[in-house]
Structure formats: structure tokens, C-alpha cells
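The structure appears right after this line, and notes come after that.
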Amino acid sequence: MSIIIKPIITEKITKESEIFNRFGFIVDKKANKVQIKKAVEATYGITVVEVNTMNYRADRTTKYTKSGLISGKTNAYKKAIVQVKEGESIDFYNNI
């Protein structure tokens, strides 16, 4: 079971990584903070100071169209914000 699904690269997370040394990841919904910390440390070879997690629920939508009622939903996921030790950093762009 892979705990880290993918990193989050948005303007807000990039700004936080430059100022506060925090990085965002989408993680497995069943993973706890200790497992996330160990997975990030093992994957990127850095020291994690703090982990904050957020659970996002699935949003359901309904659209009224000519052909009738269309319903859909977005996926539920868990987001983790990881604060790294001062002086260390994660480079997501080195493999491009």
C-alpha cells in the first residue's frame, strides 16, 4: 500500500514551501500522521517536523440539461501538509 499518492503543486502550496518550508501531498485516506511522516522521510530523505491532515468529502452535483438530469460527484481524498526541518527542501522538478 502506497501512502503518498501525489504531491500538490499549486500557487498557494508553492508560496508556503518558499516561506514556511511546507509541502503538500494527497495521501491514502486510511493513513495516519505517523505513517505519513515515515513515508515522506523515506521517499525524499528529509526530516519532517510537523504533519497536518485534512479530509475532503465528495461533492455531488446536479445539472439540468436538454437531455435530462445529469448527476455526478468528485472523489473524496485526504490532504497532508508536511513541514520540513529548516534548511532542507524537496525538489519536485529534478526528474523532468
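Where a number appears in this text, it was derived from the coordinates with a stated rule and is not lab data. All values derive from a computational prediction rather than experimental measurement. Heads up, the Cβs are rebuilt from the backbone with ideal geometry, glycines too, and the neighbour counts pull from every protein chain shown.
Quick look at the values:
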read-out	value
Difference of contour (0.36 nm per residue) and Cα-Cα distance, LYS15 to VAL49	10.4 nm
Ellipticity estimate at 222 nm from DSSP helix runs (n ≥ 4, -39,500 (n - 2.57)) divided over the chain, nearest 500	-6500 deg cm²/dmol
Peptides ranked, highest mean first, by Cβ atoms within 10 Å: ranges 26-36, 64-74, 4-14	26-36, 4-14, 64-74
Cα shape, the stretch 1-65, gyration tensor, a/c 1.5 rule	oblate
Dipole of the chain, positive end: most advanced residue of GLY68, GLY45, THR14 [Cβ charges, Cα centre]	GLY68
Theoretical FRET efficiency, 1/(1+(r/R0)^6), r = Cβ-Cβ of THR74 and ALA42, R0 30 Å, to 0.05	0.50
